[in-house]
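Working notes, structure below.
The values are calculated or read from the model by the stated rules, or taken from the named source; none is laboratory data. In this text the structure is predicted, and so the values were computed from the model without any measurement. Positions of Cβ are generated from backbone atoms using ideal geometry, with glycine treated the same way; all protein chains shown enter the neighbour counts. SASA here: full protein model, heavy atoms, side chains in, ligands and nucleic acids out. Shrake-Rupley method; radii C 1.70, N 1.55, O 1.52, S 1.80 Å.
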Amino acid sequence: MPPPIAPPPETRATYRRVLIGSLSGSSIEWFDFFLYATAAALIFDKQFFPTEDPFVSLMLSYLSLSLTFFIRPFGGVIFSHIGDRIGRKKTLVVTLSMMGGATVAIGLLPTYASVGMLAPALLILCRVVQGLAIGGEWGGALLLAYEYAPRSRRGFFGSVPQMGITVGMLLATLAFSAVSTLPDAAFTSWGWRLPFLASIVLVVVGLWIRGGLGETPAFHAAKESGDVARLPIAETLRYHWRAVLVAVGAKVVETAPFYIFATFVVSYATGILDYERSSVLNAVSLGALVSTVMIPVMGSLSDRVGRFRVYLTGAVLLGLYAVPFFLLLDLQVDWAVFVAVVVALGFIWPPVTATLGTLTSEIFSTRVRYTGITLGYQIGAALAGGTAPLLATYLLDRFDGSWVPIAIYLMLLAVVSVSAVLYAPRLARVHEDTAPGTGAHDTAEAVR
(Lines give C-alpha, C1' and ligand atoms only; values in the text may rest on other atoms or scores of the structure.)
Protein backbone atom coordinates (compact mmCIF):
# COMPACT_ATOMS: atom_id res chain seq x y z
CA MET A 1 0.00 0.00 0.00
CA PRO A 2 1.51 3.39 -0.97
CA PRO A 3 2.17 5.83 1.86
CA PRO A 4 -0.53 8.44 2.47
CA ILE A 5 -0.11 11.73 0.66
CA ALA A 6 0.70 14.46 3.14
CA PRO A 7 -1.13 17.77 2.90
CA PRO A 8 0.76 20.58 1.17
CA PRO A 9 3.08 22.68 3.35
CA GLU A 10 1.37 25.61 5.02
CA THR A 11 3.14 28.39 3.19
CA ARG A 12 1.94 31.85 2.29
CA ALA A 13 1.19 30.62 -1.22
CA THR A 14 -0.95 27.83 0.21
CA TYR A 15 -2.82 30.23 2.44
CA ARG A 16 -3.40 32.55 -0.49
CA ARG A 17 -4.77 29.74 -2.68
CA VAL A 18 -7.03 28.56 0.14
CA LEU A 19 -8.46 32.01 0.78
CA ILE A 20 -9.01 32.66 -2.92
CA GLY A 21 -10.65 29.25 -3.36
CA SER A 22 -12.88 29.73 -0.35
CA LEU A 23 -13.87 33.27 -1.29
CA SER A 24 -14.39 32.67 -5.01
CA GLY A 25 -16.68 29.68 -4.64
CA SER A 26 -18.63 31.30 -1.84
CA SER A 27 -19.03 34.51 -3.84
CA ILE A 28 -20.30 32.65 -6.89
CA GLU A 29 -22.83 30.64 -4.93
CA TRP A 30 -24.14 33.73 -3.15
CA PHE A 31 -24.21 35.66 -6.44
CA ASP A 32 -26.52 32.99 -7.82
CA PHE A 33 -28.55 33.02 -4.61
CA PHE A 34 -29.00 36.81 -4.52
CA LEU A 35 -29.90 36.99 -8.18
CA TYR A 36 -33.02 35.10 -7.19
CA ALA A 37 -33.63 37.24 -4.11
CA THR A 38 -33.43 40.46 -6.13
CA ALA A 39 -35.57 39.06 -8.94
CA ALA A 40 -38.14 37.91 -6.37
CA ALA A 41 -38.51 41.52 -5.24
CA LEU A 42 -38.59 43.03 -8.74
CA ILE A 43 -39.80 40.64 -11.44
CA PHE A 44 -40.91 37.14 -10.39
CA ASP A 45 -44.20 38.34 -8.89
CA LYS A 46 -45.23 39.54 -12.36
CA GLN A 47 -43.57 36.89 -14.53
CA PHE A 48 -44.25 33.71 -12.54
CA PHE A 49 -46.91 34.52 -9.91
CA PRO A 50 -49.34 36.97 -11.54
CA THR A 51 -52.66 37.49 -9.71
CA GLU A 52 -55.27 40.21 -9.57
CA ASP A 53 -53.84 41.39 -6.24
CA PRO A 54 -50.22 42.71 -6.42
CA PHE A 55 -49.78 41.99 -2.69
CA VAL A 56 -50.64 38.31 -3.18
CA SER A 57 -48.25 38.09 -6.13
CA LEU A 58 -45.42 39.60 -4.10
CA MET A 59 -46.16 37.28 -1.18
CA LEU A 60 -46.05 34.25 -3.51
CA SER A 61 -42.75 35.48 -4.92
CA TYR A 62 -41.28 35.89 -1.43
CA LEU A 63 -42.70 32.50 -0.49
CA SER A 64 -40.68 30.91 -3.29
CA LEU A 65 -37.65 32.72 -1.86
CA SER A 66 -38.31 31.51 1.67
CA LEU A 67 -38.96 27.93 0.51
CA THR A 68 -35.27 27.46 -0.16
CA PHE A 69 -34.41 28.25 3.43
CA PHE A 70 -36.39 25.21 4.54
CA ILE A 71 -34.65 23.09 1.91
CA ARG A 72 -31.20 24.27 3.01
CA PRO A 73 -31.07 22.16 6.21
CA PHE A 74 -31.67 19.02 4.13
CA GLY A 75 -28.86 20.01 1.78
CA GLY A 76 -26.75 20.72 4.84
CA VAL A 77 -27.36 17.25 6.28
CA ILE A 78 -26.58 15.53 2.96
CA PHE A 79 -23.44 17.45 2.08
CA SER A 80 -22.11 17.81 5.61
CA HIS A 81 -22.27 14.01 5.91
CA ILE A 82 -20.17 13.78 2.75
CA GLY A 83 -17.87 16.55 4.01
CA ASP A 84 -17.27 14.90 7.40
CA ARG A 85 -16.89 11.42 5.88
CA ILE A 86 -15.13 11.98 2.55
CA GLY A 87 -13.74 15.50 2.55
CA ARG A 88 -14.44 19.21 2.36
CA LYS A 89 -13.07 19.79 -1.14
CA LYS A 90 -15.10 17.14 -3.00
CA THR A 91 -18.28 18.44 -1.44
CA LEU A 92 -17.59 21.99 -2.58
CA VAL A 93 -17.16 20.96 -6.23
CA VAL A 94 -20.57 19.24 -6.22
CA THR A 95 -22.41 22.11 -4.53
CA LEU A 96 -20.94 24.75 -6.84
CA SER A 97 -21.90 22.72 -9.94
CA MET A 98 -25.47 22.26 -8.70
CA MET A 99 -25.90 25.92 -7.86
CA GLY A 100 -24.59 27.10 -11.23
CA GLY A 101 -26.71 24.67 -13.21
CA ALA A 102 -29.93 25.68 -11.42
CA THR A 103 -29.18 29.39 -11.87
CA VAL A 104 -28.63 29.12 -15.61
CA ALA A 105 -31.82 27.06 -15.88
CA ILE A 106 -33.81 29.87 -14.22
CA GLY A 107 -32.58 32.23 -16.92
CA LEU A 108 -34.05 29.91 -19.56
CA LEU A 109 -37.45 29.23 -17.97
CA PRO A 110 -40.69 30.12 -19.76
CA THR A 111 -43.00 32.52 -17.91
CA TYR A 112 -46.54 32.08 -16.63
CA ALA A 113 -47.89 33.85 -19.73
CA SER A 114 -46.29 31.15 -21.91
CA VAL A 115 -46.93 27.87 -20.08
CA GLY A 116 -49.20 28.68 -17.15
CA MET A 117 -48.69 26.85 -13.87
CA LEU A 118 -45.73 24.91 -15.26
CA ALA A 119 -43.65 28.10 -15.04
CA PRO A 120 -43.80 28.57 -11.24
CA ALA A 121 -43.45 24.80 -10.79
CA LEU A 122 -40.19 24.76 -12.76
CA LEU A 123 -38.98 27.88 -10.96
CA ILE A 124 -39.58 26.27 -7.59
CA LEU A 125 -37.81 23.09 -8.73
CA CYS A 126 -34.73 25.14 -9.65
CA ARG A 127 -35.00 26.92 -6.33
CA VAL A 128 -35.02 23.59 -4.47
CA VAL A 129 -31.79 22.59 -6.22
CA GLN A 130 -30.27 25.93 -5.25
CA GLY A 131 -31.34 25.39 -1.65
CA LEU A 132 -29.74 21.95 -1.47
CA ALA A 133 -26.51 23.33 -2.93
CA ILE A 134 -26.21 26.40 -0.72
CA GLY A 135 -27.06 24.23 2.29
CA GLY A 136 -23.81 22.35 1.85
CA GLU A 137 -21.65 25.11 0.42
CA TRP A 138 -21.35 27.42 3.41
CA GLY A 139 -19.90 24.90 5.86
CA GLY A 140 -17.38 23.61 3.34
CA ALA A 141 -16.20 27.06 2.27
CA LEU A 142 -15.85 28.13 5.89
CA LEU A 143 -13.93 25.02 6.96
CA LEU A 144 -11.67 25.20 3.93
CA ALA A 145 -10.42 28.51 5.36
CA TYR A 146 -10.75 27.80 9.08
CA GLU A 147 -8.99 24.42 9.09
CA TYR A 148 -6.03 25.76 7.12
CA ALA A 149 -5.69 28.88 9.29
CA PRO A 150 -2.84 29.50 11.72
CA ARG A 151 -4.23 29.43 15.26
CA SER A 152 -3.63 33.15 15.78
CA ARG A 153 -5.49 34.13 12.57
CA ARG A 154 -8.57 31.92 12.63
CA GLY A 155 -10.85 34.92 13.03
CA PHE A 156 -9.51 36.54 9.86
CA PHE A 157 -9.46 33.31 7.84
CA GLY A 158 -12.99 32.42 8.99
CA SER A 159 -14.26 35.85 7.93
CA VAL A 160 -13.01 35.56 4.34
CA PRO A 161 -15.68 33.11 3.11
CA GLN A 162 -18.25 35.35 4.81
CA MET A 163 -17.12 38.08 2.43
CA GLY A 164 -18.59 35.88 -0.31
CA ILE A 165 -22.06 36.81 0.94
CA THR A 166 -21.59 40.52 0.27
CA VAL A 167 -19.41 40.02 -2.82
CA GLY A 168 -22.13 37.82 -4.28
CA MET A 169 -24.82 40.30 -3.29
CA LEU A 170 -22.78 43.16 -4.73
CA LEU A 171 -22.33 41.36 -8.05
CA ALA A 172 -26.01 40.40 -8.17
CA THR A 173 -27.20 43.91 -7.34
CA LEU A 174 -24.82 45.48 -9.87
CA ALA A 175 -25.99 43.00 -12.50
CA PHE A 176 -29.62 43.93 -11.90
CA SER A 177 -28.75 47.62 -11.73
CA ALA A 178 -27.20 47.30 -15.18
CA VAL A 179 -30.14 45.50 -16.77
CA SER A 180 -32.57 47.83 -14.98
CA THR A 181 -31.34 50.64 -17.23
CA LEU A 182 -33.02 48.88 -20.14
CA PRO A 183 -36.47 50.09 -21.17
CA ASP A 184 -39.14 48.53 -18.97
CA ALA A 185 -40.48 46.34 -21.77
CA ALA A 186 -37.02 44.94 -22.55
CA PHE A 187 -36.19 44.40 -18.87
CA THR A 188 -39.47 42.58 -18.26
CA SER A 189 -39.22 40.49 -21.41
CA TRP A 190 -35.58 39.33 -21.52
CA GLY A 191 -33.28 41.74 -19.66
CA TRP A 192 -33.76 40.12 -16.25
CA ARG A 193 -32.54 36.80 -17.68
CA LEU A 194 -29.05 38.03 -18.60
CA PRO A 195 -27.50 37.92 -15.09
CA PHE A 196 -28.75 34.34 -14.59
CA LEU A 197 -27.27 33.17 -17.89
CA ALA A 198 -23.97 34.99 -17.32
CA SER A 199 -23.38 33.11 -14.05
CA ILE A 200 -22.11 30.09 -16.02
CA VAL A 201 -18.85 31.96 -16.63
CA LEU A 202 -18.29 32.51 -12.91
CA VAL A 203 -19.07 28.86 -12.11
CA VAL A 204 -16.45 27.60 -14.57
CA VAL A 205 -13.85 29.95 -13.05
CA GLY A 206 -14.77 28.84 -9.53
CA LEU A 207 -14.47 25.14 -10.37
CA TRP A 208 -11.07 25.75 -11.93
CA ILE A 209 -9.80 27.56 -8.83
CA ARG A 210 -11.11 24.94 -6.40
CA GLY A 211 -9.74 22.12 -8.53
CA GLY A 212 -6.20 23.11 -7.55
CA LEU A 213 -6.76 22.82 -3.79
CA GLY A 214 -6.01 19.87 -1.52
CA GLU A 215 -7.93 18.59 1.49
CA THR A 216 -7.70 20.57 4.73
CA PRO A 217 -4.91 19.58 7.18
CA ALA A 218 -7.41 19.04 10.02
CA PHE A 219 -9.57 16.64 8.03
CA HIS A 220 -6.50 14.93 6.56
CA ALA A 221 -5.14 14.29 10.07
CA ALA A 222 -8.53 13.06 11.31
CA LYS A 223 -8.87 10.65 8.41
CA GLU A 224 -5.33 9.29 8.81
CA SER A 225 -5.94 8.67 12.52
CA GLY A 226 -9.31 7.07 11.88
CA ASP A 227 -11.08 9.82 13.86
CA VAL A 228 -13.92 10.13 11.34
CA ALA A 229 -17.52 9.82 12.47
CA ARG A 230 -19.43 6.91 10.92
CA LEU A 231 -22.71 8.80 11.09
CA PRO A 232 -21.91 12.48 11.76
CA ILE A 233 -25.53 13.62 12.10
CA ALA A 234 -26.27 11.04 14.83
CA GLU A 235 -23.11 11.89 16.78
CA THR A 236 -23.78 15.61 16.46
CA LEU A 237 -27.34 15.35 17.74
CA ARG A 238 -26.31 13.02 20.56
CA TYR A 239 -23.25 14.80 21.92
CA HIS A 240 -23.39 18.31 20.44
CA TRP A 241 -27.06 19.27 20.48
CA ARG A 242 -26.43 22.17 22.87
CA ALA A 243 -23.78 23.55 20.52
CA VAL A 244 -26.22 23.21 17.61
CA LEU A 245 -28.79 25.27 19.54
CA VAL A 246 -26.17 27.94 20.26
CA ALA A 247 -25.30 28.04 16.55
CA VAL A 248 -28.98 28.34 15.60
CA GLY A 249 -29.44 31.19 18.07
CA ALA A 250 -26.29 32.93 16.86
CA LYS A 251 -27.49 32.79 13.27
CA VAL A 252 -30.92 34.42 13.59
CA VAL A 253 -29.72 37.98 14.21
CA GLU A 254 -27.20 37.63 11.41
CA THR A 255 -29.71 36.50 8.80
CA ALA A 256 -33.08 38.23 9.38
CA PRO A 257 -31.74 41.81 9.56
CA PHE A 258 -29.62 41.12 6.50
CA TYR A 259 -32.63 40.17 4.37
CA ILE A 260 -34.60 43.12 5.72
CA PHE A 261 -31.77 45.58 4.97
CA ALA A 262 -30.83 44.08 1.58
CA THR A 263 -33.95 42.45 0.07
CA PHE A 264 -37.15 43.62 1.74
CA VAL A 265 -35.94 47.22 1.57
CA VAL A 266 -36.09 47.07 -2.24
CA SER A 267 -39.81 46.30 -2.43
CA TYR A 268 -40.64 48.46 0.62
CA ALA A 269 -38.78 51.56 -0.55
CA THR A 270 -40.00 51.34 -4.16
CA GLY A 271 -43.52 50.01 -3.52
CA ILE A 272 -44.63 51.63 -0.25
CA LEU A 273 -42.37 54.68 -0.27
CA ASP A 274 -41.48 56.89 -3.20
CA TYR A 275 -37.91 55.83 -4.05
CA GLU A 276 -36.61 55.07 -7.50
CA ARG A 277 -35.58 51.44 -8.06
CA SER A 278 -32.10 52.48 -9.17
CA SER A 279 -31.50 54.53 -6.01
CA VAL A 280 -32.37 51.65 -3.70
CA LEU A 281 -30.31 49.14 -5.68
CA ASN A 282 -27.34 51.51 -5.68
CA ALA A 283 -27.66 51.97 -1.91
CA VAL A 284 -27.65 48.20 -1.42
CA SER A 285 -24.63 47.92 -3.72
CA LEU A 286 -22.70 50.55 -1.75
CA GLY A 287 -23.65 48.87 1.53
CA ALA A 288 -22.41 45.54 0.21
CA LEU A 289 -19.15 47.14 -0.93
CA VAL A 290 -18.48 48.72 2.47
CA SER A 291 -19.41 45.46 4.19
CA THR A 292 -16.98 43.51 2.02
CA VAL A 293 -14.17 45.69 3.34
CA MET A 294 -15.36 45.66 6.95
CA ILE A 295 -15.90 41.90 7.31
CA PRO A 296 -12.17 40.96 7.23
CA VAL A 297 -11.43 43.97 9.44
CA MET A 298 -13.86 42.62 12.04
CA GLY A 299 -12.43 39.12 11.61
CA SER A 300 -8.94 40.41 12.33
CA LEU A 301 -10.23 42.38 15.30
CA SER A 302 -11.74 39.18 16.72
CA ASP A 303 -8.27 37.59 16.69
CA ARG A 304 -7.14 40.33 19.04
CA VAL A 305 -10.11 40.92 21.33
CA GLY A 306 -12.10 37.68 20.90
CA ARG A 307 -14.98 36.47 18.75
CA PHE A 308 -17.39 36.71 21.68
CA ARG A 309 -16.92 40.44 22.26
CA VAL A 310 -17.03 41.42 18.59
CA TYR A 311 -20.14 39.34 17.90
CA LEU A 312 -22.06 40.64 20.92
CA THR A 313 -21.28 44.25 20.03
CA GLY A 314 -22.69 43.77 16.55
CA ALA A 315 -25.77 41.87 17.77
CA VAL A 316 -26.69 44.59 20.26
CA LEU A 317 -26.20 47.34 17.67
CA LEU A 318 -28.41 45.49 15.16
CA GLY A 319 -31.23 45.44 17.68
CA LEU A 320 -30.79 49.12 18.53
CA TYR A 321 -30.64 50.19 14.87
CA ALA A 322 -34.00 48.69 13.86
CA VAL A 323 -35.98 51.88 14.60
CA PRO A 324 -33.48 54.43 13.17
CA PHE A 325 -33.32 52.37 9.95
CA PHE A 326 -37.01 52.87 9.21
CA LEU A 327 -37.04 56.46 10.44
CA LEU A 328 -34.37 57.29 7.88
CA LEU A 329 -36.31 55.59 5.09
CA ASP A 330 -39.41 57.57 6.02
CA LEU A 331 -37.61 60.79 5.07
CA GLN A 332 -38.05 59.69 1.43
CA VAL A 333 -34.96 61.45 0.11
CA ASP A 334 -32.17 59.62 -1.68
CA TRP A 335 -29.43 60.42 0.83
CA ALA A 336 -31.54 58.88 3.60
CA VAL A 337 -31.87 55.49 1.92
CA PHE A 338 -28.11 55.48 1.31
CA VAL A 339 -27.35 56.28 4.94
CA ALA A 340 -29.90 53.76 6.25
CA VAL A 341 -28.67 50.86 4.14
CA VAL A 342 -24.92 51.60 4.21
CA VAL A 343 -24.82 51.99 8.00
CA ALA A 344 -26.80 48.75 8.43
CA LEU A 345 -24.97 46.56 5.93
CA GLY A 346 -21.59 48.25 5.99
CA PHE A 347 -20.91 48.86 9.66
CA ILE A 348 -23.40 47.20 12.03
CA TRP A 349 -23.88 43.82 10.36
CA PRO A 350 -20.16 42.94 9.69
CA PRO A 351 -19.14 42.32 13.35
CA VAL A 352 -21.79 39.59 13.54
CA THR A 353 -21.28 37.88 10.20
CA ALA A 354 -17.47 38.09 10.34
CA THR A 355 -17.31 36.16 13.60
CA LEU A 356 -20.27 33.81 13.22
CA GLY A 357 -18.44 31.03 11.36
CA THR A 358 -15.32 30.97 13.51
CA LEU A 359 -17.25 31.30 16.76
CA THR A 360 -19.46 28.32 15.93
CA SER A 361 -16.57 26.27 14.53
CA GLU A 362 -14.77 26.55 17.86
CA ILE A 363 -17.51 24.71 19.74
CA PHE A 364 -17.37 21.56 17.55
CA SER A 365 -14.62 18.97 17.08
CA THR A 366 -13.14 18.17 13.66
CA ARG A 367 -15.01 14.88 13.29
CA VAL A 368 -18.44 16.55 13.33
CA ARG A 369 -17.57 20.19 12.70
CA TYR A 370 -18.98 20.32 9.15
CA THR A 371 -22.25 18.77 10.31
CA GLY A 372 -22.52 20.82 13.49
CA ILE A 373 -21.94 24.26 12.03
CA THR A 374 -24.06 23.48 8.97
CA LEU A 375 -27.03 22.34 11.03
CA GLY A 376 -26.90 25.41 13.24
CA TYR A 377 -26.41 27.79 10.34
CA GLN A 378 -29.07 26.36 8.04
CA ILE A 379 -31.73 25.80 10.71
CA GLY A 380 -31.20 29.37 11.90
CA ALA A 381 -31.46 30.57 8.29
CA ALA A 382 -34.68 28.60 7.79
CA LEU A 383 -36.26 30.02 10.94
CA ALA A 384 -35.29 33.65 10.46
CA GLY A 385 -33.72 34.19 7.04
CA GLY A 386 -36.03 33.41 4.16
CA THR A 387 -39.06 34.12 6.30
CA ALA A 388 -37.91 37.67 7.10
CA PRO A 389 -39.07 39.42 3.88
CA LEU A 390 -42.24 37.31 3.90
CA LEU A 391 -43.01 38.12 7.54
CA ALA A 392 -42.12 41.78 7.11
CA THR A 393 -44.45 42.05 4.10
CA TYR A 394 -47.24 40.41 6.10
CA LEU A 395 -46.69 42.66 9.13
CA LEU A 396 -46.69 45.73 6.92
CA ASP A 397 -50.04 44.76 5.43
CA ARG A 398 -51.52 43.56 8.74
CA PHE A 399 -50.68 46.80 10.58
CA ASP A 400 -51.72 49.24 7.84
CA GLY A 401 -48.25 50.05 6.57
CA SER A 402 -46.59 50.54 9.95
CA TRP A 403 -42.98 49.40 10.21
CA VAL A 404 -43.03 49.34 14.03
CA PRO A 405 -43.85 45.58 14.29
CA ILE A 406 -40.95 44.83 11.93
CA ALA A 407 -38.57 46.82 14.13
CA ILE A 408 -39.83 44.99 17.24
CA TYR A 409 -39.29 41.67 15.45
CA LEU A 410 -35.66 42.59 14.72
CA MET A 411 -35.07 43.63 18.33
CA LEU A 412 -36.49 40.35 19.64
CA LEU A 413 -34.15 38.39 17.36
CA ALA A 414 -31.20 40.34 18.77
CA VAL A 415 -32.25 39.29 22.29
CA VAL A 416 -32.44 35.63 21.19
CA SER A 417 -28.96 35.69 19.64
CA VAL A 418 -27.30 37.50 22.54
CA SER A 419 -28.84 35.00 24.97
CA ALA A 420 -27.58 32.05 22.91
CA VAL A 421 -24.03 33.32 22.43
CA LEU A 422 -23.63 34.15 26.11
CA TYR A 423 -23.62 30.38 26.60
CA ALA A 424 -20.84 29.74 24.05
CA PRO A 425 -17.71 30.03 26.30
CA ARG A 426 -19.25 27.76 28.94
CA LEU A 427 -20.31 25.29 26.25
CA ALA A 428 -16.76 25.11 24.88
CA ARG A 429 -15.50 24.07 28.32
CA VAL A 430 -18.20 21.40 28.63
CA HIS A 431 -17.36 19.86 25.28
CA GLU A 432 -13.64 20.02 25.87
CA ASP A 433 -13.83 18.31 29.25
CA THR A 434 -16.72 15.85 29.11
CA ALA A 435 -18.19 15.11 25.71
CA PRO A 436 -17.57 11.48 24.65
CA GLY A 437 -15.73 11.15 21.40
CA THR A 438 -15.20 14.88 21.13
CA GLY A 439 -12.88 17.58 22.26
CA ALA A 440 -13.11 21.23 21.43
CA HIS A 441 -10.59 22.32 18.85
CA ASP A 442 -10.07 25.50 20.80
CA THR A 443 -10.45 26.29 24.46
CA ALA A 444 -13.19 28.43 25.96
CA GLU A 445 -10.64 31.23 26.12
CA ALA A 446 -10.46 31.26 22.32
CA VAL A 447 -14.23 31.66 22.09
CA ARG A 448 -14.04 34.65 24.40
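Here are some notes:
Conditions tested, residue by residue: (1) modelled with pLDDT under 90; (2) within 19 Å of the chain's Cα centre (by Cα).
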residue	(1), (2)
Arg369	yes, yes
Ala382	yes, yes
Thr387	yes, yes
Ile406	no, no
Ala428	yes, no
Asp433	yes, no
Gly437	yes, no
Ala440	yes, no
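- Some residue of segment 368-379 being part of a helix (DSSP H, G or I), open to solvent by 10 Å² or more (accessible area, probe 1.4 Å) and free of Cβ contacts under 8 Å to residues at least 60 places away in the same chain: no
- In segment 263-310, the residues that are basic (Lys, Arg) and closer than 27 Å to Leu359 by Cα: Arg304, Arg307, Arg309
- Total residues in segment 246-258, condition closer than 12 Å to Ala392 by Cβ and open to solvent by 10 Å² or more (accessible area, probe 1.4 Å): 0
- Among residues that are surrounded by fewer than 18 Cβ atoms within 10 Å (Cβ to Cβ), out of contact with any strand residue (DSSP E or B) (no Cβ under 7 Å at 6 or more places or on another chain) and in contact (Cβ under 8 Å) with a residue 40 or more places away in the chain, Asp303 is not included.
- Test set (1) open to solvent by 10 Å² or more (accessible area, probe 1.4 Å); (2) over 26 Å from Lys251 (Cβ atoms) - Lys90 fails condition number: (2)
- Of all residues in segment 337-350 being in contact with a Phe, Trp or Tyr (Cβ under 9 Å, 6 or more places away or on another chain) and open to solvent by less than 10 Å² (accessible area, probe 1.4 Å), the one that is farthest from Thr292 (Cα to Cα): Val337
- If only residues of segment 22-47 that are surrounded by fewer than 24 Cβ atoms within 10 Å (Cβ to Cβ) and under 17 Å from Tyr146 (Cα atoms) are counted, the one that is modelled with the highest pLDDT is Leu23.
- Those residues of segment 390-412 which are closer than 19 Å to Val248 by Cα and open to solvent by less than 20 Å² (accessible area, probe 1.4 Å), in sequence order: Leu410
- Looking across segment 267-291, the residues that are open to solvent by 20 Å² or more (accessible area, probe 1.4 Å) and among the polar types (S, T, N, Q) come down to Thr270, Ser278, Asn282.
- Which listed residue, of Gly158, Gly116, Gly135, Gly164, is of a type outside the set (Phe, Trp, Tyr) and without any contact (Cβ under 8 Å) to a residue 40 or more places away in the chain: Gly116
- First in segment 100-111 and under 19 Å from Ile28 (Cβ atoms) and in contact (Cβ under 8 Å) with a residue 12 or more places away in the chain, second anywhere and open to solvent by 30 Å² or more (accessible area, probe 1.4 Å) and of a type in the set (Lys, Arg), Cβ under 8 Å, 6 or more apart: Gly107/Arg193; Leu108/Arg193
- Residue that is assigned to a helix (DSSP H, G or I) and either farther than 27 Å from Arg307 by Cβ or touching a residue at least 60 places away in the same chain (Cβ under 8 Å) (or both), where the choices are Leu391, Leu331: Leu391
- Residue check, Gly401 part of a loop (DSSP other than H, G, I, E, B) and at pLDDT below 70: no
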